[in-house]
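The values are calculated or read from the model by the stated rules, or taken from the named source; none is laboratory data. This is a predicted model, so every value here is computed, not measured. Every residue, glycine as well, gets a Cβ built from its backbone with ideal geometry; the counts of neighbours run over all protein chains shown.
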Amino acid sequence: MKVLLTGGSGNLGQTLVPKLLDKGDTPVILDVRAPPHLNRGAEFIEGSVLERSKLTGIFRGCDCIVHIAAWHGIHEDRGEKDAYDFFDLNVRGTFEVFEAAASAGIGKVIFISTTSVYRPDTRYGSSKILAELIAEDYRKHRLINVVTLRPRGFIPYWDRAVYTKYGDWARWFWKGAVHIDDVATAVILSRDLLSRRQLDQQLVLTLDSAYEYTDADLDHWDADGPGSTFRKYYREYYDLALSWAQSGIKANQARYVRDGSLAGLQAGLQSRKLAV
């Protein structure tokens, strides 16, 4: 199967490429920048989802589209992108992808949305709400087989283009994250499902990490002191996390814990994939 990844030079695309190759697929990366490494068997096309005149031609011959390309919440939080940027890439870009897919006769699309659709007060959240409506319109009226995935934040801590140090990642994901490998696995499972049958209803799946925080916990974070919410659920890890931070193995991690943002550690502790 030939699987095209919009924004495929990014973290998720690069995590997906070897998984797709392992299945015998041909990954095609469509991005405005070249990938840091192009695996043997993968293809790279330099381009944007906003290039309407080229997109159908690029898509032709592909069997499935994984639409990843988007601006994220961190771009809004840092003031790097405005409402026009979010509309252009996240909303219009999604329309261009689905229209080109329909024109090229592609019947399978996996759309990467976000849990931020529950935050319509943000530019990122509202742009993804509109994008999901576009995806559903093409599913219902153009009969494209669509799976929409809503992952929680998954940009990994090792992406130095986004986070200058580990502490920056920890402060962004202090209330939870999902491991990028789990997002990639969900995409592969979606690809398998779409290959087997035509869906007869909308399928929207939330991808989140395993943690027990309630809405009240999130609204009153660390109300009883730094680290108190984390300790409430992960008491067995609290002393370990604190001693690890205080050991000075990594100065930026230590500062992050002393600031009381212990909860960010739970993402790594839960997945057991957090490299120190």
Scope the stretch 157-170; condition loosely packed, with under 15 Cβ neighbours inside 10 Å and of a type in the set (A, V, I, L, M); matching residues:
161
Is it true that residue 78 is among the basic types (Lys, Arg), on the phi < 0 side of the Ramachandran plot and modelled with pLDDT of 95 or more?
no
Would you point out which residue out of 2, 19 is touching a residue at least 12 places away in the same chain (Cβ under 8 Å), among the basic types (Lys, Arg) and under 22 Å from residue 179 (Cα atoms)?
19
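Table: residues versus (1) closer than 20 Å to residue 202 by Cα; (2) modelled with pLDDT of 95 or more; (3) out of contact with any strand residue (DSSP E or B) (no Cβ under 7 Å at 6 or more places or on another chain).
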| position | (1), (2), (3) |
| --- | --- |
| 66 | yes, yes, no |
| 74 | no, no, yes |
| 97 | yes, yes, no |
| 104 | no, yes, yes |
| 128 | yes, yes, yes |
| 135 | yes, yes, no |
| 142 | yes, yes, yes |
| 146 | yes, yes, no |
Top-ranked residue in the stretch 103-156 [being buried (at least 18 other Cβ atoms within 10 Å of the Cβ) and among the basic types (Lys, Arg); ranked as nearest to residue 77 (Cα to Cα)]:
123
Checked against (1) surrounded by fewer than 18 Cβ atoms within 10 Å (Cβ to Cβ); (2) under 25 Å from residue 202 (Cα atoms), residue 49 satisfies every condition except (1)
Is it the case that the stretch 145-161 has a residue that's among the hydroxyl-bearing types (Ser, Thr, Tyr), part of a helix (DSSP H, G or I) and not assigned by TED's automatic domain parsing to the domain that holds residue 233?
no
May I ask you to say which residue of 113, 48, 53 is of a type in the set (S, T, N, Q) and within 22 Å of residue 154 (Cβ to Cβ)?
113
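Quick check on this structure: which one of 54, 81 is free of Cβ contacts under 8 Å to residues at least 60 places away in the same chain and surrounded by fewer than 17 Cβ atoms within 10 Å (Cβ to Cβ)?
Answer to the selection: 54.
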In the stretch 101-124, which residues are free of Cβ contacts under 8 Å to residues at least 24 places away in the same chain and either outside the structural domain of residue 196 (by TED's automatic domain parsing) or assigned to a helix (DSSP H, G or I) (or both)?
118
